[in-house]
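Here is the structure we will look at.
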Amino acid sequence: MKKKTEVFRRNYLKKRCFGEFGGRYVPELLIQALDDLEACYLQAKTDSHFQRELKSVLQSYGGRPTPLLFAKNLSEELTELRESRKSSALRKQRKQPLKIYIKNEGILHTGAHKLNNVLGQALLCMRMGKRELVAETGAGQHGLAVASVAAKFKLAAKIFMGEEDYFRQYPNVYAMKNLGAKVIMVSDGTRRLKDAVNAAMKYWIENLKTTHYLLGSALGPFPYPLLVRDFQSVIGVEAKKQLKQAEGRLPDLLCACVGGGSNSLGFFTPFLSDAKVAMLGIEAGGKSMKLGEHASRMKEPKLGIVQGYKSYFIQNADGQVQPTHSISAGLDYPGIAPELAYLHQQGRVKFLSASDKEALEGFRKLSEKEGISPALECAHVIGKLPVIIQRYPEASFICVNISGRGDKDIFITAKHLDKDAWREFLKRELRSLR
Amino acid sequence: MKNKFDIKFSAAKAEGKKIQLMAHMLAGYPSVSVNKETAWAMEQAGADYLELQLPFSDPLADGPVIMRGNHHALKKNFSLEKGFRLIEDLASGQNMPIFVMSYYNLPFVFGLEKFMGILEQVGVSGVIIPDIPFDDESEEYIQRMSAFKLHAALVISPGTSSKRLKAIGKKASGFVYTTLRTGITGAKQTLSHEGLTQFKKIRRAFPKKLALAAGFGISRPEHVKALEGKVDIAVIGSKLILLTVERGPLAVGEFISSIVSSIVS
């Protein structure tokens, strides 16, 4: 254990980066606060009391462990699809049927993996003697987790949300307000997650002494990429055990959607040293590959330094960050976790993108086949599976992380999948409000 | 290393000037032509230095006024190329030594050496990059800048520890910029107590001759007056931008004149 800690310190703490990615490129004002957070976290990491407390709230409040499910119907359909694609000569030599497993973080309290990190950081916040949480949110799942935990731990919460996301994820805004959090709409810049991060960070800068910035993704200045990843790693640790139990071996392939990168890193990290386990991140392909219509940073990775960290960003030749688009607010972000950029550079994690259309298809598929309505973010992975099994012909045992459930997206999915009836419903609702 | 800034700074000191003024402007906001008129008005009114900020999509240390100015300039297609042309025009059109303020991503993506080479060529005195905090790599950064005869002005804040101040004081080049509060840029009615009481700690940690500038929140002549004897340079930002946009370059000139006469009196 001691040796492991040593290696960790050497690799990350000295330079505060993953290879060339990461760092802490922030105004001097923030250095003291980041130092304090780092010291507090490193202490907590080895403090058995803290770890016990975290484990306890993850169970009693969060509902961990989350289940691992064999997606039998989906597996059968995809196996058939794979067979139907073969030429008649090859059809005789049958491969092993596909086995798709779902790690279901949507079961976690507040509906997504975000709670794992929020509970961890809220405990750190109290350890530092602070009583206010500030956070950004895109889809609203992180904000919802922060608002809930703040209520539970008697902390104040301010949630910044881009105007675009505020309205497309209004059910979550309502829920956050109901929980006692203050939700602040951000109308600057691209009016999305990126601008919510800017606004939250600035609020933090103005209120450093009393406030903890509870960043929801594995990015931003060090130590955030590290501590968010660590708090989310509970996903992978559990999944690894459950998968071994289910199949007696480790899977061939792990798949997760990638916005900032918190669910994918939490899922992948405990498998990183298992060389035989391939890892695939799915980015938002949006409407097209035209600039402004997607959020696929790995299509043409461009190195930059934005929001306190060095990684790949969707930006122009001048280094100005460019607008993004995705049907899912949680993937609609121009930067990516520095550790994922590093793992991509090392060839350890590969990336593909799925379009808005594929995401909707994925949402419908998992609902129909397995009775699980996923959030649009992770629906990207399900929608891409027909392509994924083609790209990875040797992978028969696959695990997908379903990072959240789809309740928050009803207004988006209904618009596409049930338009006329939904319009009628809204009309009636409006009438009843009069 | 000595450049235009050092010559002007020591001359003003020798004259017995109590406090010098650095006036901030945002390139391309509201337009390049207004930028040029404003620089002229600033110099006529007696500003000593010009801080020219290049717009960036995500200006982390800036409050609403300057941030929205950044977005406005970019929406109107302000590019780095136009920025370099403006710097060149301003450097040849007036005599205030220029410091270019930019977030790190712009020189990083453009190529740091190429970027600084252009600044050197047109006679810029230094750069202020707020998102490169002082760390192990600062020495290398400062040396690389000085190869281009540019000062890399470091930024500190009221919360910076004495230990860090000492280290920063040793490496600093040109001047050190301290913020008058722990916060983001923006004009305020009053200057914060923590901002005004930090100078003893700073002076104790810094070498005697190191120039100290202060900004963040300055919006009235009496604010500058309050800094007399405490810092060498007062930096005025958001207030000037507001004036430029709401009332035009001449109002900026009038405001700076009112500060200059309050210093003299």
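Measuring between their Cα centroids, region A:11-50 and region A:342-359 lie 27 Å from each other.
Using a Gaussian network model of chain A in which every pair of alpha carbons under 10 angstrom is joined by a spring, one finds that among A:Tyr333, A:Tyr312, A:Tyr203 the greatest mean-square fluctuation is at A:Tyr203. Panel order for B:Met116, A:Met128, by other beta carbons found within 10 Å of each beta carbon, from fewest to most: A:Met128, B:Met116.
For A:Phe397, the residues whose amide H sits under 5 Å from its own are A:Lys99, A:Asp252, A:Leu253, ignoring neighbours fewer than 5 places away on the same chain, with H placed 1.01 Å from N. The local environment of A:Ile382, defined by Cβ-Cβ distances under 12 Å, has a net charge of -2 under the rule Lys, Arg +1 and Asp, Glu -1.
Let me make sure I get this right: for region A:105-175, a, b and c are the square roots of the gyration tensor eigenvalues over alpha carbons, sorted descending. Under 1.5 in a/c it's rounded, otherwise prolate if a/b > b/c, else oblate. Which is it? Cα axes put region A:105-175 in the oblate bin. Across all directions, the shadow cast by the convex hull of chain A built on its C-alpha atoms averages 22.1 square nanometres. The fraction of Cα-Cα pairs per 10 angstrom bin, counted from 0 for region A:193-331, comes to 11, 35, 33, 18, 4, 0 percent, rounded to whole percents. Amide H contacts under 5 Å for A:Val183: A:Ile159, restricted to partners 5 or more places along the chain or on a different chain, H placed in the peptide plane at 1.01 Å from N. Sequence-ordered 3J(HN,Hα) estimates for region A:370-377 from the Karplus curve with 6.51, -1.76 and 1.60 and θ = phi - 60° stand at 10, x, 10, 9, x, 4, 4, 4 Hz, glycine and proline given as x. Evaluated with a Cβ-only charge set (Lys, Arg +1; Asp, Glu -1), region B:177-241 carries a dipole of roughly 240 debye about its Cα centre, given to the nearest 20.
State the dimensionless ratio Rg/Rh of region A:8-138 (Rg: radius of gyration of Cα atoms; Rh: Kirkwood radius).
Ratio of gyration radius to Kirkwood radius: 1.18.
Estimated from helices alone, the mean residue ellipticity of chain B at 222 nm is -14500 deg cm²/dmol (sum of -39500 (n - 2.57) over DSSP H runs with n ≥ 4, per residue). Distance from the C-alpha centroid of region A:196-243 to that of region B:181-205: 30 Å, rounded to the whole angstrom. Residue-wise HN-Hα couplings along region B:117-125, as the Karplus relation 6.51 cos²θ - 1.76 cosθ + 1.60 with θ = phi - 60° gives them from phi, are x, 5, 4, 4, 4, 8, x, 6, 8 Hz; Gly and Pro carry x.
Using only the alpha carbons of region B:157-198, what is the convex hull's orientation-averaged projected area in square nanometres?
Spelled out: convex hull of the Cα atoms, projected over all directions, averaged, 3.4 nm².
Among residues other than A:Asp356 with Cβ under 14 Å from its Cβ, the summed charge is 0 (Lys and Arg +1, Asp and Glu -1). Global dimensions of region B:120-265 from alpha-carbon coordinates: Rg and Dmax equal 16.0, 45 Å.
Projecting label points 7 angstrom from Cα along Cα→Cβ for B:Ser146 and B:Thr190 puts them 4.2 nm apart.
Rounded to the nearest angstrom and listed largest first, the equivalent-ellipsoid semi-axes of chain B from its Cα gyration tensor are 24, 23, 18.
First check a/c for region A:272-431, with a ≥ b ≥ c the square roots of the eigenvalues of its C-alpha gyration tensor; if it is under 1.5, answer rounded, and if not, answer prolate when a/b is larger than b/c or oblate otherwise.
Because a/c hits 1.5 or more and a/b fails to exceed b/c, region A:272-431 counts as oblate.
Quick note on region B:1-101: its Rg to Rh ratio, both from C-alpha atoms and Rh being the Kirkwood radius, is 1.00. Taking θ as phi - 60° and the Karplus parameters 6.51, -1.76 and 1.60, the scalar couplings of region B:150-159 work out to 10, 7, 9, 6, 8, 10, 10, 9, x, x Hz in sequence order, x denoting glycine and proline.
Normalised by 2.2 N^0.38 Å, where N counts its residues, the alpha-carbon radius of gyration of region A:203-245 equals 1.62. Annotation note: trypsin sites (Lys or Arg not before Pro) in region A:22-129 located in DSSP loop regions with a Cβ neighbour count of at most 13 within 10 Å are A:Lys86, A:Lys92, A:Arg94, A:Lys95. For the pair region A:85-159 / region A:370-405, the C-alpha centres are spaced 16 Å from each other.
Put simply, the amide H of A:Gly286, placed in the peptide plane, has neighbours under 5 Å in A:Ala295, A:Ile327, A:Asp356, leaving out anything fewer than 5 places away on its chain.
Charges were assigned to the Cβ only: +1 to each Lys and Arg, -1 to each Asp and Glu. The resulting dipole of region A:160-282 about its Cα centre is roughly 180 debye.
Throughout, read-outs are computed from the coordinates displayed, never taken from laboratory work. No experiment lies behind these values; they were computed from the predicted model shown. Virtual Cβ from ideal backbone geometry, glycine too; neighbours counted across all protein chains shown.
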